[in-house]
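The values are calculated or read from the model by the stated rules, or taken from the named source; none is laboratory data. What you see is a predicted model; the values in this text were computed from it and never measured. A quick note on method: Cβ atoms are made from the backbone with ideal geometry, for glycine too, and the neighbour counts reach across all protein chains shown. What goes into the accessible areas is simple: the full protein's heavy atoms, side chains included, and nothing from ligands, DNA or RNA. Shrake-Rupley method; radii C 1.70, N 1.55, O 1.52, S 1.80 Å.
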Amino acid sequence: MATAASDLLEDALLQHYRTLPAAERRRIATQASPEVRLRLAWVERTMAMDRSPGGLAAVLTEGKEMQAPHLDLIDRIYGRIAAGERLRVMVTMPPRAGKSRRTSRWGPVWYLRKQPDHRFMLASYAAHLADDHGRWVRNTITEYAPTLGIDLRYGSQAANRFDIAGHEGGMVTAGVGGALTGRGAHVAAVDDPFKGSEDAGSPTQRDRVWDWWQSVLLTRLEPQGSVLLVNTRWDDDDLSGRLLKEEPEDWIVIDLPALALTDDDPLGRKPGEALWPDRYSADDYARIRKSVGERVWWALYQQQPRPLEGGVWQWTWITAHRISPVAFRGVDLTRIVVAIDPSGGAGTANDETGIVGAGRNNDGELYVLADKSGRHGAHAWGREAGLLSIELQADAFVVETNFGGDMTRQVLIQAWQELERQGLTNGMPMPRIVEVNAKQGKRLRAEPIAQLYELGKVHHVGEHPTLETQMVTWLPGMDSPDRMDAAVHALTELADPAAAAIGTAHYADRRLAGRR
């Protein structure tokens, strides 16, 4: 009787130990007897396995399994799903970054340990690859059954379908396009639905994957089931691309390019920083980029698939004359403008406001400095344009006024006044407003600027993926995207010989003084 009571007390104490902060647990362990320390070590080991797929992997491999911040993101997704959240998550990342090992192997093992009554469904571009993942999960559960606390049901241990002994859960695998029969799934993970560029480049294959997604995978999902799509991007209309076009509001998107592209990177990286520098540094990626070419680099490594060129711009005109931000520090600009192409209105094809900063040096070389375009309301785009002009020390706003010239002028004036009240202008005079009434056809406006690109007179400072994609895929006759239009307006203003040094009019406040 006393022993039973003692055991209950010890269990209660160990349960309380689990709730303590790490520092407090360490203090207790250092003061405990050797026998108690062994019990606490077992508790710590169990807590690590409970924490995440990465924690489980570290325990079972004795620390040999690699871990990195981007894999932590996948771990957190699994944690939220296991806790009962219904999620649709899309993670895009380059090859050799550990995504399949974490998503399709350690993830399912951990999830089934946490939720042994749930069904886990895994699909990949080929049945044999999905089966390989299933076989690995099955073998891992069998090998570590005593440690995991789960085992497989006798007679249900196939690589592509197995059940957890004493529970309702299990796992089923299939190739994309194959059958997923049986009970519904609480989690459906799709790991690389396309084999490669040729596969994703086929409209027939893309439609086949889409049909399978709608008619097979989604129909097997439980009402509160979650979906995890992890892949590298191959085509603008691959599964990720189509989902983002059809239902963008339904998805949590974690975009992890090999080299960070923006300041709002999910990992907090600065532009140009590598995803996993312990494995591939920025220099390593530079060599890879040179080897695979621009198209594969942008799709497979940067998660920015770029369709083939249209009829006006070519990729090489941009890439061959690009300049790095570091090299640009030695460039003296005589003029800087921020061009704005307001959205045509809600529900139109071009519902972004184009906001592009550009500059010109004394030799007539033009530089695209920044792209802050986006889906901004009137107040938001005015403020965004104002902040960019302060950052770049622009001397003019160039604004298309086809749709309400007085309104666009007023938006900019009000936004600037608000920035002044907030003390953000630092005494800088408001840039002059240059109005552009684009009476010419889109092609007539774009072609002279495209010719400057061809001549190597325009340099993009750093990468501007969305703007550049719009440029090279635009065909005359199509609606022109607002980012591209804003860039054309900015570069047209800067390229005008009559405006080369002083803009379209003289500045009484001599704001260009000091610029050559």
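Please go through region 401-411 and pick out each residue that is open to solvent by 10 Å² or more (accessible area, probe 1.4 Å) and either hydroxyl-bearing (S, T, Y) or not in a helix (DSSP H, G or I) (or both).
Residues satisfying the conditions are T401, N402, F403, G404.
Exactly one of (1) open to solvent by less than 20 Å² (accessible area, probe 1.4 Å); (2) within 16 Å of L256 (Cβ to Cβ) is unmet by M66. Its number?
So the condition that M66 fails would be (1).
Does A487 satisfy being part of a helix (DSSP H, G or I) and modelled with pLDDT under 85?
no
For L467, state whether it is assigned to a helix (DSSP H, G or I), farther than 17 Å from I355 by Cα and either at pLDDT 85 or above or of a type in the set (G, A, S) (or both).
Considered against the rule, which asks whether it is assigned to a helix (DSSP H, G or I), farther than 17 Å from I355 by Cα and either at pLDDT 85 or above or of a type in the set (G, A, S) (or both), L467 comes out as no.
In region 85-105, which residue that is in a loop (DSSP other than H, G, I, E, B) and among the small types (G, A, S) is nearest to A282 (Cα to Cα)?
The qualifying residue nearest to A282 (Cα to Cα) is A97.
Are any residues in region 61-83 small (G, A, S) and in contact (Cβ under 8 Å) with a residue 60 or more places away in the chain, and if so, which ones?
A68
Check M121, M93 and return the single one that is in contact with a His (Cβ under 7 Å, 6 or more places away or on another chain) and surrounded by 23 or more Cβ atoms within 10 Å (Cβ to Cβ).
Checking each option against the conditions leaves just M93.
Go through region 366-378 and give me each residue that's under 17 Å from V399 (Cβ atoms) and either open to solvent by less than 20 Å² (accessible area, probe 1.4 Å) or among the aliphatic types (A, V, I, L, M) (or both).
If the condition is that a residue be under 17 Å from V399 (Cβ atoms) and either open to solvent by less than 20 Å² (accessible area, probe 1.4 Å) or among the aliphatic types (A, V, I, L, M) (or both), then A370, S373, G374, A378 are the ones that fit.
Okay, residues lined up against (1) outside any loop (DSSP other than H, G, I, E, B); (2) crowded, with 21+ Cβ neighbours inside 10 Å; (3) out of contact with any Pro (no Cβ under 6 Å at 6 or more places or on another chain):
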| site | (1), (2), (3) |
| --- | --- |
| G357 | yes, yes, yes |
| G364 | no, no, yes |
| A380 | yes, no, yes |
| G386 | yes, yes, yes |
| I390 | yes, no, yes |
| V399 | yes, yes, yes |
| L419 | yes, no, yes |
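Would you confirm whether any residue within region 57-72 is among the hydrophobic types (A, V, I, L, M, F, W, C), assigned to a loop (DSSP other than H, G, I, E, B) and under 30 Å from L218 (Cβ atoms)?
No, region 57-72 contains no residue that is among the hydrophobic types (A, V, I, L, M, F, W, C), assigned to a loop (DSSP other than H, G, I, E, B) and under 30 Å from L218 (Cβ atoms).
Out of the residues in region 134-158 that are open to solvent by 70 Å² or more (accessible area, probe 1.4 Å), without any contact (Cβ under 8 Å) to a residue 12 or more places away in the chain and in a helix (DSSP H, G or I), state the one that is farthest from T173 (Cα to Cα).
P146
Could you please find all residues in region 94-150 being more than 28 Å from the chain's Cα centre (by Cα) and at positive phi?
If the condition is that a residue be more than 28 Å from the chain's Cα centre (by Cα) and at positive phi, then G149 is the only one that fits.
Pairs, please: C-beta under 6 Å, at least 6 apart or cross-chain, first residue at negative phi and in contact (Cβ under 8 Å) with a residue 40 or more places away in the chain and in region 417-435, second outside any strand (DSSP E or B) and of a type in the set (K, R)?
P429/R511
Considering R88, R80, which residue is open to solvent by 90 Å² or more (accessible area, probe 1.4 Å), under 30 Å from D250 (Cα atoms) and at pLDDT 90 or above?
On the way: R88 fails: open to solvent by 90 Å² or more (accessible area, probe 1.4 Å).
Of the residues listed, the single one that is open to solvent by 90 Å² or more (accessible area, probe 1.4 Å), under 30 Å from D250 (Cα atoms) and at pLDDT 90 or above is R80.
Having 1 or more residues that are modelled with pLDDT of 90 or more, open to solvent by less than 10 Å² (accessible area, probe 1.4 Å) and among the small types (G, A, S) is the bar; report the strands (runs of 3 or more DSSP E) wholly within region 167-257 that clear it.
Counting at least 1 such residues, we get 170-175, 185-191, 221-231.
So that you can scan it fast, the table gives a plain yes or no per residue for (1) closer than 30 Å to L455 by Cα; (2) open to solvent by 30 Å² or more (accessible area, probe 1.4 Å); (3) part of a loop (DSSP other than H, G, I, E, B):
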residue	(1), (2), (3)
K270	no, yes, yes
P277	no, yes, yes
D284	no, yes, no
R287	yes, yes, no
K290	yes, yes, no
W297	yes, no, no
Q303	yes, no, yes
W313	yes, no, yes
T316	yes, yes, no
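Restricting to region 96-118, count the residues that are touching a Phe, Trp or Tyr at 6+ places or on another chain (Cβ under 6 Å) and open to solvent by 10 Å² or more (accessible area, probe 1.4 Å).
Of the residues in that region, 1 qualify.
If you scan region 290-339, which residues turn out to be at pLDDT 90 or above, under 24 Å from L275 (Cα atoms) and of a type in the set (K, R)?
Once the filter is applied, which keeps residues that are at pLDDT 90 or above, under 24 Å from L275 (Cα atoms) and of a type in the set (K, R), region 290-339 yields only R322.
Looking only at region 258-268, filter to residues that are over 14 Å from L73 (Cβ atoms), open to solvent by 20 Å² or more (accessible area, probe 1.4 Å) and not acidic (D, E); which one of those is modelled with the lowest pLDDT?
T262
Kindly indicate which of L475, L424, L444 is modelled with pLDDT under 90 and in a loop (DSSP other than H, G, I, E, B).
Selected residue: L475, the only one of L475, L424, L444 that is modelled with pLDDT under 90 and in a loop (DSSP other than H, G, I, E, B).
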